[in-house]
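Right, I'll just put the structure down here and ask away after.
The values are calculated or read from the model by the stated rules, or taken from the named source; none is laboratory data. What you see is a predicted model, and the numbers here were worked out from it, not measured in a lab. Here the Cβ positions follow ideal geometry from the backbone for every residue, glycine too, while neighbour counts run over all protein chains shown. Ligands, DNA and RNA are excluded from the accessible area calculation, which covers all protein heavy atoms including side chains. Shrake-Rupley method; radii C 1.70, N 1.55, O 1.52, S 1.80 Å.
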Amino acid sequence: MDVKTAFLNGELEEDIYMDQPQGFVQDGKEHLVCKLKKSLYGLKQSPRAWYQCIDMFFTHEDFSRSQADHSLYVKQTGEYLLIVIIYVDDLIILASNVSILKWLKSRLEDEFEMSDLGELHYCLGVEFERDRANHTITMSQSKYIEEVLKRFNMEECKPIGTPLDVNSKLLKLTEEEFQGIQEEMQGIPYKAVVGSLMYAMVGTRLDLAFPMSMVSQFMSTAGPSHWMVVKCIMWYLKGTLDLKLCLRGKDVSLRGYCDADWGGDANERRSTTGYVFLLEWEPSHGIAIGNLQLPCLPRRPNTWPLVNAPRRPYG
């Protein structure tokens, strides 16, 4: 759902005055100013005033605000579950049944001027597809990734099967080395590409977590070797545009594993910790990403579930 002219609903805490708008000035009263009763678009206070307004509404309706994300509100009773996600003036509503969904929509329309945009299909570059028969929701960013590849002239690149060579070691450049290649890297959009791919990683492309964590360490002193790894990530994305996250809400269980190397950082000899969470809906299957099925990891001598992982000393 969309809130029309959302910022105009905010209540101001400060006294703010503005010049009379054009066409409103009367003869002999040109010296007068207007005192604002509510926020306007363009005020620095407007976003905060609107958030306080919508927060007050959900608090009054007995929603609980998430401590991890203040744009997430949850209301759960023994009969139903309601989840609301807010992005500025857009609201994504998830409900356990239709009747409670209609109730919340009615309450919002009573309080604000709303537009009902229907079932969610696309939001912030993420595509959603719901299969009611199989009780699944799939999320993908294929359109967003295509736009990123096109923006950086990589739409015709040849795809590869992996985003990063397992033996790849990126070295930190010294100040003298960076000064020597600074002119060569002048026109290369390293930061822009890494930032664009980072959004795909935090959205639906969890398989990019490790390579993106590596290339993002060299944002200020990137060289040709680092840029080559970034291009490899884009080549990989070209061949995996159809990968999707598939979510199913039946018999869900969460399992986590962690492990660490020993001094694997070639620059500072630090150890790197890795972790993976499997959101399973059947005992023998893991997360389904498109046509790729990730099975549950076998337990190795140096790998433990996070629920009972022992402490490991480093040094």
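Out of region 241-264, which residues are in contact with a helix residue (DSSP H, G or I) (Cβ under 8 Å, 6 or more places away or on another chain) and open to solvent by less than 60 Å² (accessible area, probe 1.4 Å)?
Within region 241-264, L241, L243, L245, G256, Y257, C258 meet the criteria.
Further, regarding this structure: Identify all residues within region 131-168 that are in contact with an Asp or Glu (Cβ under 8 Å, 6 or more places away or on another chain) and in a loop (DSSP other than H, G, I, E, B); write none if there are none.
Q141, E155, P163, listed by residue number.
Could I ask something else about it? Would you confirm, using the coordinates I've provided, whether E146 is under 19 Å from D90 (Cβ atoms) and open to solvent by 70 Å² or more (accessible area, probe 1.4 Å)?
no
For region 1-27, which residues satisfy the criterion of being farther than 16 Å from S46 by Cβ and touching an Asp or Glu at 6+ places or on another chain (Cβ under 7 Å)?
Scanning region 1-27 gives M1, D2.
Results for (1) modelled with pLDDT under 85; (2) among the small types (G, A, S), shown as yes or no for each residue.
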residue	(1), (2)
G203	no, yes
A209	no, yes
F218	no, no
M228	no, no
K231	no, no
Y236	no, no
D251	yes, no
Y257	no, no
W262	yes, no
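For region 111-130, which residues satisfy the criterion of being assigned to a strand (DSSP E or B) and of a type outside the set (S, T, N, Q)?
Of everything in region 111-130, those that are assigned to a strand (DSSP E or B) and of a type outside the set (S, T, N, Q) turn out to be M114, Y122, C123, V126, E127, F128, E129, R130.
Going through region 103-136 one residue at a time, which ones are closer than 30 Å to Y236 by Cβ and open to solvent by 70 Å² or more (accessible area, probe 1.4 Å)?
Result: H121, Y122, L124, E129, R130, N134.
Which members of region 184-211 meet the condition of being assigned to a helix (DSSP H, G or I) and closer than 17 Å to F152 by Cα?
Within region 184-211, Y190, K191, A192, V193, V194, G195, S196, L197, M198, Y199, A200 qualify.
I've got another one for you. Among L171, L108, which is among the aliphatic types (A, V, I, L, M), more than 23 Å from the chain's Cα centre (by Cα) and either outside any loop (DSSP other than H, G, I, E, B) or modelled with pLDDT of 85 or more (or both)? Outline the logic, then answer.
On the way: L171 fails: either outside any loop (DSSP other than H, G, I, E, B) or modelled with pLDDT of 85 or more (or both).
Step by step, each of L171, L108 is checked, and only L108 is among the aliphatic types (A, V, I, L, M), more than 23 Å from the chain's Cα centre (by Cα) and either outside any loop (DSSP other than H, G, I, E, B) or modelled with pLDDT of 85 or more (or both).
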